[in-house]
1. Answer yes or no: is there a residue in region 397-406 that is under 24 Å from the mean Cα position of the chain (by Cα) and either at pLDDT below 90 or open to solvent by less than 50 Å² (accessible area, probe 1.4 Å) (or both).
2. What number of residues within region 98-114 are part of a strand (DSSP E or B) and out of contact with any Leu (no Cβ under 7 Å at 6 or more places or on another chain)?
3. Could you count how many residues in region 291-324 are in a strand (DSSP E or B) and modelled with pLDDT under 90?
4. Tell me yes or no: at least one residue of region 257-267 is surrounded by fewer than 22 Cβ atoms within 10 Å (Cβ to Cβ) and modelled with pLDDT of 90 or more.
5. Take the residues in region 288-298 that are within 22 Å of residue 266 (Cα to Cα) and not aliphatic (A, V, I, L, M); name whichever of them is surrounded by the fewest Cβ atoms within 10 Å (Cβ to Cβ).
6. Taking into account only those residues within region 45-68 that are open to solvent by less than 30 Å² (accessible area, probe 1.4 Å) and either touching a helix residue (DSSP H, G or I) at 6+ places or on another chain (Cβ under 7 Å) or farther than 17 Å from residue 82 by Cα (or both), which is modelled with the highest pLDDT?
7. Which condition breaks for residue 432 when tested against (1) farther than 21 Å from residue 90 by Cβ; (2) in contact (Cβ under 8 Å) with a residue 12 or more places away in the chain; (3) among the acidic types (Asp, Glu)?
8. From 176, 201, which residue is in contact with an Asp or Glu (Cβ under 6 Å, 6 or more places away or on another chain), of a type outside the set (D, E, K, R) and outside any strand (DSSP E or B)?
Amino acid sequence: MLQRPRNRKNMKKLLPLLILFLPTAIFGQIDTEFWFAPPDLTEGTGNEPRRDSTVYFVVSSLNAPAQVRINQPANPGFEPVILDLAPNSTESVNLGLRLSQLETKPANEILNTGVLIRSTAPITAYYEVRSNANREIFSLKGKNALGTKFYTPFEDSFGNSEFFNNSPYIPFPRAGFVVVAAFDSTTVSITPKLDVLGHPGNETFDIFLMRGETYYVEAIDGDLANKPYGTKIESDKPVAVTLKDDMITQDLSTTSGADVAADQMFAYEYAGAQHVVVRGALQGDPDRVVVLATEDNTEIIVGGDPVPGVFNEGEQYVFTLDQPSAFIETTGPVFVFHATGQTDQLSGALIPPLECTGSTQIGFVRPTLGPFFSIDITIRAGGEADFTLNGDPDLIPASAFSPVPGSNGEFVFARIQYSTSQIPLGSANLVENSGDELFHLGLLTA
C-alpha cells in the first residue's frame, strides 16, 4: 500500500461536484464570487461574434433569490450585465456580440479580459461555447479556483502519435493557459517545462498584473510533443487559471470530431492523492489519463498496479484507460486530467480528488444535444443504496453499482442510461443521497 500524504489542513470541501461530458466536462462550485479568464478559440470553427451562437454565461440560483453582476474589472468599456434570479432558476446570457472583449488574445501580452461574477446569494456558474463545430463548458469554481500555485497537465506524446494533436483549422488551434489576477499589483512567475511562444523552456519569467488583467501562454505549435505540460505558475497574490487544448483530434487527416478540451483549474491546495476516473464512450482509441506530480519522488498506483519509477515535480504519467474505471493513488498531491468523449467527439477535464470533494445533492439540466444520455456516479461503498433521482429511488438502483478496480472495495461506480421519457430534454433534475455520503456525478450525452 502507498503511504498517503499527511493531512493538508488548508483543504476544504468543494461543493457541489459535477463532471459533465457534452462531450464537455465540468466540475462545479457553489459560491458568490467567480473569477474567469476566457480563452482564445480558433475562428476556423465558426466561433465569431454573432447573436445566435458562440458564448454564454449560464448562472443558476439555489433556494434564495440572487442578483448577479457580470463584469470585466480591468475593462472600463465593458457594460456590466445584471441578472435578477428567482430561487431555483437558471438564466443564460448570450455574449456572442462581445466575443472580442472576452477572448484572451494574442498570447504573450497583458490584456484586460478577466471576468468577475458576483452574486448576492450562492449560485453556480459556467461559461459555455456553442459554436456549430466546437462546444465546451468551463465550470467556474469560485474561491477554489484562486490560489498562488498551479501546475498544468496536458496530453503529451504517448501511444498513437496523432491522437490529441490539434486539428488543422485556420487559424491554427493550439494548447495553452490563461492567468487572471484577482488583486492589484500581482506578480506571477511562470516556469514552462517546454518552449512556449516568446519564452524558452525551463526559464522562469515574471509578469505584473492588475486586478482583472490577464496573460495568455500558448504552445509554439500544435504538435503533441510541444503542449505546455508541467508548467509551474506561482504568484504573490491569488490568481485563477484557465486550461485549454483547442480542437484536439483523433485523426489529423480530417477536422471531423475535433473539439476543445478545456477546464478552469483548481489551485494546488486542492490537489489530492486519490482519484477515480470513469471511461467515456470514445470509438476506436480509448481514453487517456494524465497524472501530473507536484512533488519530487511521487509514486503512482493505477488500478492496484504500481507504475515503475517515481515522478518529480512537473513530471507526468500518461496511460490508456481501457477499463470501465480506474482508481489512482499517489504518495503526493497530483493533478489528474482525463481526455475522453462520445463517439469521435473529444473533450477533457480535470478530475477532482476524492479526499475532500463531493456532494450529497447535485442538480443538473439535461442538455438538448441528442437522444443519448447517461449519468456516472462514484461513491464510497455502502452509500449506493441511498440514492434518489427526482425523488425516485428506482432510477438509481444499488444493483447498478460495481467496485472500482484497485480501490480494495472502498469505492463503487455506476453508469445508468436514461430515455427522454425518464429525463426529458432540457429538464432540471436532482440527485440526492439520503445517507449523507459525498458522491461525484458525471453526465454523458451525444
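1. Within region 397-406, one or more residues are under 24 Å from the mean Cα position of the chain (by Cα) and either at pLDDT below 90 or open to solvent by less than 50 Å² (accessible area, probe 1.4 Å) (or both).
2. Total meeting the criteria: 1.
3. Adding up the residues that qualify gives 4.
4. yes
5. Per the stated criteria, the residue is 296.
6. Only one residue fits best here, namely 55.
7. (1)
8. 201
The values are calculated or read from the model by the stated rules, or taken from the named source; none is laboratory data. In this text, all values refer to a predicted model and were calculated from it rather than measured experimentally. Glycine gets a Cβ as well: all are built from the backbone with ideal geometry, and neighbour counts include every protein chain shown. Surface accessibility is based on the protein's heavy atoms, side chains included, excluding ligands, DNA and RNA. Shrake-Rupley method; radii C 1.70, N 1.55, O 1.52, S 1.80 Å.
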